[in-house]
Amino acid sequence: MSDLTLSVVFALVSAVAYAGGAIVQERVSLTSPDTAYAPLRRPAWWGAVALNGLGAALHVGALAYGPLSLVQPLGALTIVFALPMAALLVGKKAGPGAWRGALMASVGLAGLLALTGSGGDRTPGQSEMAVVGVVTAGVVLALMVAARTVHHRPAARGGLVAAAAGVAFGMASVFTKTVADRFSGDEPLAQLPSLLAIAVFAASGMLLSQASYRGAGLAAPLSTATVVNPVAAAAVGLTLFGEHFRFGLPGTLLALGCGVLAAAGLILLTTRRAEADDAGETPPQVSRPAPPRGPLSDPSEGSSGPAAPPGERSGGPAAGPGDAPLGGGPAPRVLCVPPGSDRP
């Protein structure tokens, strides 16, 4: 088995593990009491942690054997795999729009896979990676400053913060590949600067992605971070790691088109899934059946709305305190079922 094939296998299994962990985490959050640290007492939550850890380890393995320009885009398959897995495991079905987005993303990523050449023929030096770290920090800070200037526009602010999160996550993968390529048991401390950069960028990406959802919803920030992450990592892979696509310039242009198709599919997929989730949170209106009506009962008693006040019923004077309708009980009421109450 070639290194490229092994990298693809690792990346695909990693995406499946990440998708499974996300599904389990969502179910735990929906079924746990609204108290602090409640999920920590659930074995399922620790299972999700194990799946995420497995996904991270496999992602590192994929980066060790394959190019950044392929491994990072394949990581976006986590969202695609989550569709059938959620439908199969928890009965959460997606609409036609989400499936169209998944198909577009899959076709685009398959095109990238077919056009990707062998891994890069060089590893950047410490000075080059230091420049990458400084430039990345500058880009993230610039995006945060820009987000602060448009704080009165939640959608624009969330998109800018999500872009900063995507850049941070992408650069964490870049430094991870550097460590994997240079790893040697003889000099373990030589990789300490890169390990510190991984920790800083990964933590920053997590915090920024969480902040991007505030006031901006889920769809736009999620799709932005999902697209920016592989784009940033692939750009570094093509420029500093010597990675390339097959067939020269035509292959590179075709790969760019495949990347655009995959990005459009991911945006469509995340947007439709977020809209479906928001629609599912709307409290449904459930009406009780009307009580039986007798021949002399007031017609307003069988309506689906509240009973009319005394004195406003058509056809007679106001009922006294001792009066009661002859043909039925009180008017039915409309019950509002809280979201999630019908879930196990």
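The values are calculated or read from the model by the stated rules, or taken from the named source; none is laboratory data. It should be emphasised that the depicted structure is a prediction, and the values quoted were computed from it without experimental measurement. Neighbour counts are summed over all protein chains in view; Cβ atoms, including those assigned to glycine, are modelled from backbone coordinates with ideal geometry. With ligands, DNA and RNA removed, areas are computed over all heavy atoms of the protein, side chains included. Shrake-Rupley method; radii C 1.70, N 1.55, O 1.52, S 1.80 Å.
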Out of 11, 15, report the one residue that is within 20 Å of residue 172 (Cβ to Cβ), touching a residue at least 12 places away in the same chain (Cβ under 8 Å) and out of contact with any Ser or Thr (no Cβ under 9 Å at 6 or more places or on another chain). 11
Just wondering, is there one or more residues in region 180-201 that are touching a Leu at 6+ places or on another chain (Cβ under 7 Å), under 20 Å from residue 61 (Cα atoms) and either assigned to a helix (DSSP H, G or I) or modelled with pLDDT of 90 or more (or both)? yes
Could you figure out which of (1) open to solvent by 30 Å² or more (accessible area, probe 1.4 Å); (2) within 25 Å of residue 255 (Cβ to Cβ) isn't true of residue 27? (2)
Would you call residue 122 open to solvent by 10 Å² or more (accessible area, probe 1.4 Å), in contact with a Gly (Cβ under 8 Å, 6 or more places away or on another chain) and either on the phi > 0 side of the Ramachandran plot or outside any helix (DSSP H, G or I) (or both)? yes
Which of the numbered conditions does residue 138 fail, given that it passes all the others? Conditions: (1) surrounded by fewer than 21 Cβ atoms within 10 Å (Cβ to Cβ); (2) in a helix (DSSP H, G or I); (3) touching a residue at least 60 places away in the same chain (Cβ under 8 Å). (3)
Residue set 223, 209; condition modelled with pLDDT of 85 or more and polar (S, T, N, Q); output residue 209
Please find, within region 36-51, the residue that is nearest to the chain's Cα centre (by Cα) out of those that are of a type outside the set (A, V, I, L, M) and either surrounded by fewer than 15 Cβ atoms within 10 Å (Cβ to Cβ) or farther than 15 Å from residue 22 by Cβ (or both). 46
Among the residues of region 168-205 satisfying the criterion of being among the β-branched types (Val, Ile, Thr) and out of contact with any Pro (no Cβ under 8 Å at 6 or more places or on another chain), which is least open to solvent (accessible area, probe 1.4 Å)? 174
Given the options 74, 83, 70, name the one that is within 27 Å of residue 5 (Cβ to Cβ), aliphatic (A, V, I, L, M) and touching a strand residue (DSSP E or B) at 6+ places or on another chain (Cβ under 6 Å). 70
In region 206-243, anything open to solvent by 40 Å² or more (accessible area, probe 1.4 Å), under 19 Å from residue 62 (Cβ atoms) and hydroxyl-bearing (Ser, Thr, Tyr) is listed as none
Hits in region 63-91 - residues which are over 19 Å from residue 226 (Cα atoms), of a type outside the set (A, V, I, L, M, F, W, C) and either touching a residue at least 24 places away in the same chain (Cβ under 8 Å) or touching a Phe, Trp or Tyr at 6+ places or on another chain (Cβ under 9 Å) (or both): 65, 66
If I filter region 20-41 for residues that are touching a Pro at 6+ places or on another chain (Cβ under 9 Å), among the polar types (S, T, N, Q) and under 30 Å from residue 261 (Cα atoms), do I get at least one hit? yes
Only one of 129, 85, 144 that is outside any loop (DSSP other than H, G, I, E, B) and closer than 17 Å to residue 13 by Cα: 85
